[in-house]
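Bear in mind these aren't lab numbers, they're just calculated from the coordinates by the rules spelled out. The structure displayed is predicted, hence computed values, not measured ones. Backbone-built Cβ (ideal geometry, glycine too); neighbour counts: all protein chains shown.
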Amino acid sequence: MFITRRVEFSASHACFNANLSEAENRALYGPSANRHGHGHNYVVEATLEGNPDPVTGMVFDLKRLKEILNREVVELMDHRFLNCEVPPFDRVVPTTENLAREIWKRIEPHVRSTDVRLHAVRVYETEDLYVDYFGEAA
Amino acid sequence: MIRLTRRYRFSASHRLHSACLSDTENWELYGKCNNPHGHGHDYVLEVSVRGPIDPASGRVADVAALDRLVGDHVLRVLDHKNLNVEVPEFATAVPTTENLAFAIRDRIERSWAAAFPGPWPRLERIRVQETKRNSFEIRNEE
């Protein structure tokens, strides 16, 4: 069974690679390369896979999952400029892809057990653009 | 591997009518969707691509290139059109959303190599939502 919890945060980011010229960054990222940054209302969905515990009837305590997402994602990223304030995005380009991978890294150790595994992290940058990350192995 | 999904919208009209069936059979099968004058929908199209995150760009796909591909080869062809009359695939095939999804998949695949010449990203999934209450999905299994 798969269970999903959703959280939201708002943050600004700028997509540029310091090893590339201004023109190359513009060609690669378009308006997102603007160094001053711009913002999104990000939506994060964490999906866990497991079977309901015979005693509790739950795959994972969703209150706990909410606490993990708030602590590891929302409190760090909400109303921040990702490039300046949220490592590793001072050196890793904060694309939606890299954001999904970073969120996976931050929450996966806290949800993993013998019975439960993190299945996917979905990050919506906008309603019309989202990524799904299934871990390094997938 | 990561999957990126982009959502697009187009509006089109269609009429469900099979040349293999009588008028009565068509009416019984398709009901009000068989109205001779047609009717329309605001379709939502999701296109998902899959691949590794490029270490230099931090991205799996050039979204602007995907937008151009879908814009030129799908949306330009379908948006504000009468599918039965103006879209070649439906000169013979019934423009059900199943057939529409396959037509969109084929159009995207035909132009894929020109838009994405490398081994990645690959087209993974097409989902067409006809209304909020029904959707049709094709997955490219590998």
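Structure data summary
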quantity	calculated
Relative contact order for the range A:2-133, counting Cα pairs under 8 Å that sit 6 or more residues apart, in percent	32 percent
Eligible aspartates and glutamates near A:LYS66 by straight Cα distance, threshold 14 Å, same-chain separation 8 or greater	A:GLU8, A:GLU45, A:GLU75, A:GLU108
Charge context of B:LEU69, other residues only, Cβ under 14 angstrom, K/R +1, D/E -1	+2
Cα-centred dipole magnitude for chain B, charges only on beta-carbon of K, R (+1) and D, E (-1), debye, nearest 20	480 debye
Reachable aspartates and glutamates, given that their alpha-carbon falls under 16 Å from the alpha-carbon of B:LYS32 and they are not under 8 places away in the same chain	B:ASP23, B:GLU130
Binned Cα-Cα distance frequencies in the protein assembly as shown - 10 Å width, integer %	6, 25, 27, 22, 14, 6, 1
Local net charge near B:SER13, Cβ-Cβ under 13 Å (Lys/Arg +1, Asp/Glu -1)	-2
Averaged over B:1-13, number of beta-carbon atoms from partner chains that fall within 10 Å	5
Average partner coverage of B:48-58, which counts Cβ from other chains inside 10 Å	5
Mean-position separation - Cα centroids, the range B:95-142 and the range B:51-92, in angstrom	9 Å
Relative contact order (%) - criterion: Cα under 8 Å, at least six apart; region: the range A:70-120	26 percent
Burial ordering of A:MET1, B:MET1, A:MET58, A:MET77, fewest other beta-carbon atoms within 10 Å first	A:MET1, A:MET58, B:MET1, A:MET77
Rel. contact order, % - alpha carbon contacts under 8 angstrom, at least six apart, chain B	31 percent
Packing rank of A:42-49, A:16-23, where each peptide gets the mean count of other beta carbons within 10 Å, highest leading	A:42-49, A:16-23
Reference-scaled alpha-carbon Rg (2.2 N^0.38 Å with N residues) for chain B	1.16
Charge-dipole axis of the range B:2-139 as Lys and Arg at +1 and Asp and Glu at -1 on Cβ define it, positive-most pick from B:PHE90, B:GLY40, B:TRP112	B:TRP112
Cβ-based charge dipole, the protein assembly as shown, positive-most Cα from A:ALA11, B:TYR8, B:GLY51	A:ALA11
